[in-house]
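To keep things clear, I will list the structure first and then write my remarks on it.
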Amino acid sequence: MKTQVAIIGAGPAGLLLSEILHRQGVTSVVLEQRSREHVLSRIRAGVLEQTTVDLLRANGLGERMDAQGHPHDGMRIVWAGRDSFFIDCQKHLGKRFMSYGQTQIQEDLFAAADRRGALVLTEATEVQPMDIAGERPHVLFRHGGESHRLDCDFIAGCDGFHGVSRKSMPAGVLREYEKAYPFGWLGILSRTRPLPDVTYANHPRGFALASMRSDTLSRYYVQVPLADKVDDWSDDRFWSELTARFPPELAARIETGPSIEKSIAPLRSFVAEPMRHGRLFLCGDAAHIVPPTGAKGLNLAASDVFYLGRALAAWYGSGRTDLIDGYSAMALRRVWSSVRTSWYLTNLLHRFPGASEFDQRAQETELDYLKASAHAQASLAEQYAGMPFETA
Ligand code: RFL
Ligand code: PHB
């Protein structure tokens, strides 16, 4: 088999890259280890930055998002015993957000791939990038009980945090930065009407978040100890803990109902750099993870593949090499900006086990400052909205 770009992973990064390349006349084959049903069953991100919304629209992926998604202007912060405030990205920056599930984006991406007859091989196992720093990059894998070799010009590692691509880089190439938090998020999805705003709560009992996927589908999270298991959390226990962490007037407006999904995700931050070695490029969670507090992970996957798609199209179109050579540094500038924002919001909004009274007072003073200062709100709005893409 032969293609121009071999893409490992059919998550949002891999499928969106394949779509962007196709629209620029570059061919690709996508190799995914799981089944399509499995990929489509993962409930994850939901908040899209304006840049991501624009990128999806520009690549023909906006129709259902615009019809079913829930646009909003910013986010609300509440904390125990004090007034809430709204971080208004529309007012400060003219940027909005879209609540639209990663699951729906995956469906739209698979549908678009089917329409153009794209080669997306699911249940491809033992995927292994080869000769990544040499002249003949290729990918070995097994599919349908047989061994295959896919020859290519470039390999895009879009295979998530646990994928094979990052691990294929030779020892000593990568520098890794990591921070693990001593808690996780328990999340549920329910067919109930959401609160009007994406609302982050800091409460002595721990962090909580009210979010949405549509006008009739809600997504909620509570901070839990790392040792907790999903089975520890009945729906009743979840709703009573969630509502205890919101101010009474908001808690009274939270509609409860049976959960249709429930899962626990640990919080951590991880960055591997550079995001390229030879002809292998890393995109999305394969290169970096952020704690979900800033809603940045999927948006970074989108900006990585925007930069890589543009760079590869320029290479095929005019032989331009500066964009592929600059890919890692350019992508990492946006990554670190979002890593910093996610770290700031995680520190601002969670209760840290063992925090000193000093740390607690400093955190509360930061919240007081944000509530009181239009400048501080404009600064947070700028970070939460995400940086614009750099021009080529
Ligand atoms: P993915 O989605 O993990 O996809 C990688 C794909 O690669 C496949 N794969 C392999 N294929 C072949 N061979 C191998 N050896 C392979 N190893 C793995 C996998 O099966 C998979 O299909 O990575 P990608 O595409 O980089 O996308 C990243 C996003 O999924 C992730 O950043 C977001 O979900 C993070 N995230 C959020 N991001 C946001 O922007 N806004 C949010 O509101 C938001 N909320 C969240 C989140 C992530 C969460 N969890 C569970 C981690 C909320 C949660 C709870
Ligand atoms: C979500 O809707 O799943 C969501 C919203 C905001 C976040 C993280 C996740 O910061």
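The values are calculated or read from the model by the stated rules, or taken from the named source; none is laboratory data. Not measured: the values here are computed from a predicted model. Heads up, the Cβs are rebuilt from the backbone with ideal geometry, glycines too, and the neighbour counts pull from every protein chain shown. Ligands, DNA and RNA are stripped out before the accessible areas are found, and what is left, the full protein with its side chains, is counted by its heavy atoms. Shrake-Rupley method; radii C 1.70, N 1.55, O 1.52, S 1.80 Å.
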Please check: in the Gaussian network model of the chain (C-alpha springs, under 10 Å), which one of P204, P170, P12 has the largest mean-square fluctuation.
P170
Expressed per residue, the solvent accessible area of the chain in Å² (1.4 Å probe) is about 42
Quick one: accessible surface of V139, probe radius 1.4 Å, all protein chains present, in square angstrom to the nearest 10.
0
Express in whole angstrom the spacing between the alpha-carbon centres of segment 218-282 and segment 327-343.
23
What's the FRET efficiency of D215 with R36 using the Cβ-Cβ distance as r and R₀ = 25 Å, to the nearest 0.05?
0.35
Among F97, F154, F141, determine the one that fluctuates most according to a GNM of the chain built with springs between C-alpha atoms less than 10 Å apart.
F141
Which is farthest toward the positive dipole end of segment 215-274 among P248, S269, T216, measuring Cα position about the Cα centre, with Cβ charges +1 (Lys, Arg) and -1 (Asp, Glu)?
S269
Considering the chain as a Gaussian network with a 10 Å cut-off on Cα pairs, which listed residue, Q360, Q33, Q223, attains the greatest mean-square fluctuation?
Q360
A student applying the Cα gyration tensor rule (rounded when a/c is under 1.5; otherwise prolate if a/b is larger than b/c, oblate if not) would label segment 290-392 prolate
The percentage of the accessible area of segment 229-313 (probe 1.4 Å, all protein chains present) made up of carbon and sulfur atoms, to the nearest whole number, is 53
Using a 1.4 Å probe on the protein heavy atoms only, what accessible surface does D73 show? Give it in Å² to the nearest 10.
50
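Roughly speaking, what is the stretch gain from D368 to Y177, that is 0.36 nm per residue apart minus the C-alpha to C-alpha distance, in nm to one decimal?
Numbers: separation 191, 0.36 × 191 = 68.76 nm, distance 3.12 nm.
This chain segment gains 65.6 nm when fully extended.
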Set the Förster radius R0 to 35 Å, insert the Cβ-Cβ distance between S318 and N347 as r into 1/(1 + (r/R0)^6), and round the FRET efficiency to 0.05.
0.20
Over the Cα atoms of the chain, Rg to Rh with Kirkwood Rh, two decimal places?
0.98
Given a Förster radius of 45 Å and the C-beta distance between A227 and A67 as r, what FRET efficiency does 1/(1 + (r/R0)^6) yield to the nearest 0.05?
0.60
Within segment 66-149, what whole-number % of the accessible surface is contributed by carbon and sulfur, with the 1.4 Å probe and all protein chains included in the calculation?
43
Note on the chain: helices (DSSP H) long enough, at least 24 Å by alpha carbon along their axis, and hydrophobic enough, mean Kyte-Doolittle at least 0.5, are 297-318
Between R361 and K2, 0.36 nm times their residue separation minus their Cα-Cα distance comes to what?
123.2 nm
